[in-house]
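Novice: Structure in structure tokens, see below.
The values are calculated or read from the model by the stated rules, or taken from the named source; none is laboratory data. Model, not experiment: these values are computed from the prediction. Please note: Cβ atoms are built from the backbone with ideal geometry, for glycine as well, and neighbour counts cover all protein chains shown.
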């Protein structure tokens with residue numbers, strides 16, 4: 001069984017990586033509404049990291065987190081996904097949806113290992129936030145699939161204000 005300290009460090013690193021992926025996704029899409037959603041998700045993941053950092057500091061006041069390197073993540077599924085320049089928006093969204101599901105499941109597992117009611121509530125909150133991200137992305141997926149080809153023909157469609 002993985003120690004809570006290790007799980008918090010893994011979760012913090014996973015949130016950093018998720019935020020980085022959403023930042024790259026926002027940078028490489030021309031669809032301004034989708035770019036705004038990716039930026040929103042990037043900010044949300046950064047917020048999750050801050051919540052985890054505060055919980056870590058409360059549980060381990062004498063220690064600094066030791067975040068694993070991306071390639072050394074003990075749970076392979078957190079290091080498998082990375083936004084690549086060649087990916088279509090629908091591919092990015094599908095990968096992100098899978099990542100949000102993995103994060104939700106991870107937080108639900110962490111909830112079972114937490115001691116206090118407040119800590120358990122934090123894990124449930126993070127799990128529900130990851131689930132809401134999944135549903136937001138799911139609604140974007142259909143639009144991205146419908147408009148990817150249209151954008152190739154009509155480049156000004158999503159230029160924005």
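Novice: Please work out if residue 110 is crowded, with 17+ Cβ neighbours inside 10 Å, part of a helix (DSSP H, G or I), out of contact with any strand residue (DSSP E or B) (no Cβ under 8 Å at 6 or more places or on another chain) and without any contact (Cβ under 8 Å) to a residue 24 or more places away in the chain. Before the answer, list the steps.
Specialist: On the way: crowded, with 17+ Cβ neighbours inside 10 Å: yes; part of a helix (DSSP H, G or I): yes; out of contact with any strand residue (DSSP E or B) (no Cβ under 8 Å at 6 or more places or on another chain): yes; without any contact (Cβ under 8 Å) to a residue 24 or more places away in the chain: no.
No.
Novice: Out of the range 5-46, which residues are outside any helix (DSSP H, G or I) and surrounded by fewer than 18 Cβ atoms within 10 Å (Cβ to Cβ)?
Specialist: Passing the criteria: only 30.
Novice: Here is a further query. Given 62, 66, 77, which one is out of contact with any helix residue (DSSP H, G or I) (no Cβ under 9 Å at 6 or more places or on another chain) and either outside any helix (DSSP H, G or I) or modelled with pLDDT under 90 (or both)?
Specialist: Being out of contact with any helix residue (DSSP H, G or I) (no Cβ under 9 Å at 6 or more places or on another chain) and either outside any helix (DSSP H, G or I) or modelled with pLDDT under 90 (or both) holds for just one of 62, 66, 77, which is 62.
Novice: Another question, if that's okay. Restricting attention to the range 44-68, which residues are under 17 Å from residue 18 (Cβ atoms) and free of Cβ contacts under 8 Å to residues at least 40 places away in the same chain?
Specialist: Within the range 44-68, 45, 46, 47, 49, 50 meet the criteria.
Novice: Out of (1) surrounded by 18 or more Cβ atoms within 10 Å (Cβ to Cβ); (2) free of Cβ contacts under 8 Å to residues at least 60 places away in the same chain, the odd one out for residue 71 is which?
Specialist: Every listed condition holds for residue 71 apart from (1).
Novice: At pLDDT 90 or above and under 22 Å from residue 83 (Cβ atoms): which single residue out of 130, 155 fits that description?
Specialist: 130
Novice: Residues in the range 83-90: is at least one at pLDDT below 95, more than 19 Å from residue 139 (Cα to Cα) and surrounded by 15 or more Cβ atoms within 10 Å (Cβ to Cβ)?
Specialist: Among the residues of the range 83-90, at least one is at pLDDT below 95, more than 19 Å from residue 139 (Cα to Cα) and surrounded by 15 or more Cβ atoms within 10 Å (Cβ to Cβ), which makes the answer yes.
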